[in-house]
RNA sequence: GCGAAGGUGGCGGAAUUGGUAGACGCGCCGGACUUAGAAUCCGGUACUUCGGUGUGGGGGUUCAAAUCCCCCCCUUUGCACCA
């Protein structure tokens, strides 16, 4: 018999699975479906790192298990293939990004296949292929051709948008503009993040503390003509529907936080001197009587109206200073600064005249860009009032406002008709009062902004949009896909013009119309790829109704936590639009989400080239094989936890696989003799205990403890083989089946050696007999005051009284009771007896 | 500052309906095989002055606490002037 050699075994089965299309998935009415999804990779030139296979192995194990449990499993893989690195490579070398990408995909495919994952490769997709991005463009068209009906809370076709009579009166151009401004995809001139180093604008989500998420380059806000997607229309639903999802709370929390829903009221303050009203948003309308000044953002449009001539120069100076500060500086510098505008506003509840200041701690981008300041009950306003020596009026008792702002609850004071109420009651009463008087109303405010959707890049999806005299319009479906033009060079233009402007022939759509020059961000393709897997070769629809109904939603989605607010929010948003328009049948795409923890280098640090602590999967597979690598990554610890890699640790998995091989197949001296006899009951019990543990752990994704259980079982098989000189078919087959999801190559080999000539992938998962998983006798401990003094193997069925008597009779234990008063005896059958004693 | 997760042998980690802490693996020690080593196999392995002591630290509840309660410390991670 040959010894275990993964270099022979693994390629053999990988070829078998590919050739026989073992994992081809088809719609079948006779089986329940299971859709397991991996976050598809960007095929970088670095190839796979050990972090990728961690998530992929986890889903693969679940898929293989589910197949054996009788599920019809969909497990696809593809490529998030548009992206900046290939474009930057093209700028440097002139190589077309497509060529680079295709080569990288080849390498990724080789590496992934070497790990023996059970993907249905017939469903492989790549976001940069025309037959894929044709549908990305088509979905964009759906967004462009829709508006959000606030009444029914859903997207509707733009043709159904009612145009107000006064707009219609102004003529067609006015109606067109009105319509364009209601679309879910619209053009805006608002300030956006521009990254000079990357030569493109970026979404809010891609900029962290004023630096680009990718590359950490400085970014600045500047007004530019850009495509936006109206994700804010879905803010409420994106928050609400999180409740129905089986995701880790921390990820839900991050999304809720990002969407940032807060309830409050908007209130109009009349400006002194008939200058109109200043509108604020506040979450604390109950403290309205305590508003002693107002603050507007330096960028607020009313600032010039409010500022008096005497204050003009200092306000101008302050505005200049504030605009020079990046948001990063504004955020980090907690020292309060600001200047008085000279203007006053009237507090609507008590008519008092309060000064209006401008300060950079109020942001133009949130709420109305203006606040009512209640220093007694808001920490920021308190700090500002202290710094500027402004008055502080307590309206909620319970704190000490001479020391700090009090933000807690308590009875209201100094608040006229609100006096005596607690915060919540005061809130509803004042909102009712404001609404009645027409001074304000309840309002829900979100932090979420619309999604900046255009990039000044080459390697992305072109927009299915042309610009003519009537503004932007989408091109007919029949003209999709819009392909990228070939370029001589991919360099940024040096201006804000996208590189596609260089393709003059392509840009010209007709005499009167020009193509859109921006491309879509990388998030576009990944916002719906899980739908294309369902029906990847369909050239009539993005996927068939039938396939969508059968497979959706995704039952298990595993990937890194770094996508908590970007990809996962965008994909949910697109899915809801498609849902509203009747193209998909579920409101949410990903029912269960699991985030795998990062694998660190051996030094406990994040793996990186510069640290030189990167572990290459190719090397690990070369030395120990894919099965050992898969087992080790799952054995390291809980899937969700961050954990350091230890190459020596994989030795244990190698030994385990060798032992599993030896107890079923044999070693180089002896083939293991397999007999059909009934195995001894002890071995059978070990088998059933293992089946139970592995089955339960798989349901909970507790792979590490499942592997541990299989090691114990294999040890028992080895002992039995040692003792009896033979192995039993029954218990050997159980081992092969249990190991199969984790280490599929060796499992197939063992299965074959046991005389089967078909794949093990669809064999029934072994069932366990509960009665065989329990032992009649257990070790019961005898304690004195909670300390273990003796142990004895006893029947589980002994009563408390019998246990106590047995303990008293135990010759090792009895001496401990001498000269003691037994105060109390606690006996737990099957576990322990505890004597509570006091010295006599 | 606020939120979340976590802190257990030399190391990765088990065990949380309160009931034998340290499963399983690495490493280490010893043994078998071998001229020898590697590989493989078998056994041992929390600390200990052998009384006991031990799950980040301190208190509490309980016959009994890694597990429940209170206070504190540390690590990772997310948010951070969002009115």
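Consider the stretch A:216-239 and keep the residues that are out of contact with any strand residue (DSSP E or B) (no Cβ under 7 Å at 6 or more places or on another chain) and surrounded by 14 or more Cβ atoms within 10 Å (Cβ to Cβ). The one that is nearest to residue A:147 (Cα to Cα) is A:234. The criterion of at least 1 residues that are farther than 29 Å from residue A:686 by Cα and away from RNA strand B (no atom under 12 Å from the Cβ) is met by the following strands (runs of 3 or more DSSP E) wholly inside the stretch A:771-840: A:820-828, A:832-839.
Taking the stated definitions as given, is residue A:349 more than 13 Å from RNA strand B (Cβ to nearest atom), outside any helix (DSSP H, G or I) and modelled with pLDDT of 90 or more?
Values: more than 13 Å from RNA strand B (Cβ to nearest atom): yes; outside any helix (DSSP H, G or I): yes; modelled with pLDDT of 90 or more: yes.
Spelling it out, residue A:349 is indeed more than 13 Å from RNA strand B (Cβ to nearest atom), outside any helix (DSSP H, G or I) and modelled with pLDDT of 90 or more.
Residues of the stretch A:625-644 that are under 18 Å from residue A:601 (Cβ atoms) and more than 9 Å from RNA strand B (Cβ to nearest atom): A:629, A:633.
Inside the stretch A:199-213, residues that are surrounded by 14 or more Cβ atoms within 10 Å (Cβ to Cβ) and out of contact with any helix residue (DSSP H, G or I) (no Cβ under 7 Å at 6 or more places or on another chain) make up a count of 10. I'd like the full set of residues that are surrounded by 21 or more Cβ atoms within 10 Å (Cβ to Cβ) and in a loop (DSSP other than H, G, I, E, B), limited to the stretch A:119-143. Result: A:119, A:127, A:128. I'm checking my understanding of the structure. Among residues of the stretch A:272-317 that are part of a loop (DSSP other than H, G, I, E, B), touching a strand residue (DSSP E or B) at 6+ places or on another chain (Cβ under 8 Å) and over 30 Å from residue A:450 (Cα atoms), which one is nearest to RNA strand B (Cβ to nearest atom)? Restricting to residues being part of a loop (DSSP other than H, G, I, E, B), touching a strand residue (DSSP E or B) at 6+ places or on another chain (Cβ under 8 Å) and over 30 Å from residue A:450 (Cα atoms), the top hit is A:291. From the list A:587, A:571, the one residue that fits, being within 31 Å of the chain's Cα centre (by Cα), outside any loop (DSSP other than H, G, I, E, B), away from RNA strand B (no atom under 16 Å from the Cβ) and closer than 20 Å to residue A:229 by Cβ, is A:571. The lone criterion from (1) within 13 Å of RNA strand B (Cβ to nearest atom); (2) more than 20 Å from residue A:260 (Cβ to Cβ) left unmet by residue A:367 is number (2). Taking the stretch A:675-703 as the range and being more than 11 Å from RNA strand B (Cβ to nearest atom), surrounded by fewer than 17 Cβ atoms within 10 Å (Cβ to Cβ) and either within 23 Å of residue A:742 (Cα to Cα) or at pLDDT 95 or above (or both) as the test, only A:699 passes. For the stretch A:1-38, a residue qualifies if it is surrounded by 17 or more Cβ atoms within 10 Å (Cβ to Cβ), part of a loop (DSSP other than H, G, I, E, B) and modelled with pLDDT under 95, and exactly one does: A:4.
Within the stretch A:709-727, the set of residues being more than 30 Å from residue A:58 (Cβ to Cβ) and either part of a loop (DSSP other than H, G, I, E, B) or more than 10 Å from RNA strand B (Cβ to nearest atom) (or both) comprises A:720, A:723, A:724, A:725, A:726, A:727.
When A:706, A:747 are checked against the criterion of being buried (at least 21 other Cβ atoms within 10 Å of the Cβ), within 13 Å of RNA strand B (Cβ to nearest atom) and farther than 13 Å from residue A:683 by Cα, a single residue qualifies: A:706.
A quick yes/no check of all residues on (1) in contact (Cβ under 8 Å) with a residue 40 or more places away in the chain; (2) part of a loop (DSSP other than H, G, I, E, B); (3) surrounded by fewer than 22 Cβ atoms within 10 Å (Cβ to Cβ):
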residue: A:345; (1), (2), (3): yes, no, no
residue: A:354; (1), (2), (3): yes, no, yes
residue: A:361; (1), (2), (3): yes, yes, yes
residue: A:365; (1), (2), (3): yes, yes, yes
residue: A:371; (1), (2), (3): yes, no, no
residue: A:380; (1), (2), (3): yes, no, yes
residue: A:400; (1), (2), (3): no, yes, yes
residue: A:407; (1), (2), (3): no, yes, yes
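Taking residue A:138 as the residue in question, decide whether it is more than 16 Å from residue A:40 (Cα to Cα) and in contact with a helix residue (DSSP H, G or I) (Cβ under 7 Å, 6 or more places away or on another chain). Here the answer is yes, as residue A:138 does meet what is asked.
Every residue, every condition in (1) surrounded by 19 or more Cβ atoms within 10 Å (Cβ to Cβ); (2) touching a residue at least 12 places away in the same chain (Cβ under 8 Å); (3) touching a helix residue (DSSP H, G or I) at 6+ places or on another chain (Cβ under 6 Å), yes or no:
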residue	(1), (2), (3)
A:590	yes, yes, no
A:593	yes, yes, no
A:616	no, yes, no
A:619	no, no, no
A:627	yes, yes, yes
A:644	no, yes, no
A:658	no, yes, no
A:667	no, yes, no
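Against the numbered list (1) at pLDDT below 90; (2) surrounded by fewer than 18 Cβ atoms within 10 Å (Cβ to Cβ); (3) part of a loop (DSSP other than H, G, I, E, B), residue A:329 comes up short only at (3).
Using the structure shown, decide if residue A:717 is free of Cβ contacts under 8 Å to residues at least 60 places away in the same chain and touching a strand residue (DSSP E or B) at 6+ places or on another chain (Cβ under 9 Å). So that I can check it myself, show each step before the final result.
Numbers: free of Cβ contacts under 8 Å to residues at least 60 places away in the same chain: yes; touching a strand residue (DSSP E or B) at 6+ places or on another chain (Cβ under 9 Å): yes.
Judged against the criteria, residue A:717 is a match.
If only residues of the stretch A:590-607 that are assigned to a loop (DSSP other than H, G, I, E, B) and under 19 Å from residue A:246 (Cβ atoms) are counted, the one that is modelled with the lowest pLDDT is A:597.
With a cut-off of at least 2 residues that are more than 16 Å from RNA strand B (Cβ to nearest atom) and under 14 Å from residue A:451 (Cα atoms), name the strands (runs of 3 or more DSSP E) lying wholly within the stretch A:169-271. Reasoning before the result, please.
Details: elements: A:185-188, A:191-195, A:200-202, A:219-223, A:226-229, A:261-271.
Here the list reads A:185-188, A:226-229.
Once the stretch A:62-83 is narrowed to residues that are part of a loop (DSSP other than H, G, I, E, B) and touching a helix residue (DSSP H, G or I) at 6+ places or on another chain (Cβ under 7 Å), the residue that is farthest from residue A:704 (Cα to Cα) is A:82. Among the residues of the stretch A:555-567, which ones are part of a helix (DSSP H, G or I), within 13 Å of RNA strand B (Cβ to nearest atom) and under 17 Å from residue A:231 (Cβ atoms)? A:563 - this is the single residue of the stretch A:555-567 that is part of a helix (DSSP H, G or I), within 13 Å of RNA strand B (Cβ to nearest atom) and under 17 Å from residue A:231 (Cβ atoms). Taking the conditions exactly as written (closer than 26 Å to residue A:401 by Cα, touching a residue at least 24 places away in the same chain (Cβ under 8 Å) and over 36 Å from the mean Cα position of the chain (by Cα)), does residue A:293 satisfy them or not? Criteria met by residue A:293. Among the criteria (1) touching a strand residue (DSSP E or B) at 6+ places or on another chain (Cβ under 7 Å); (2) more than 27 Å from residue A:769 (Cα to Cα); (3) modelled with pLDDT of 90 or more; (4) within 11 Å of RNA strand B (Cβ to nearest atom), the one residue A:654 does not fulfil is (1).
The values are calculated or read from the model by the stated rules, or taken from the named source; none is laboratory data. Predicted, not measured: the structure shown is a model, and the values here were computed from it. Here the Cβ is made from the backbone with ideal geometry for all residues, glycine too, and neighbour counts use every protein chain on show.
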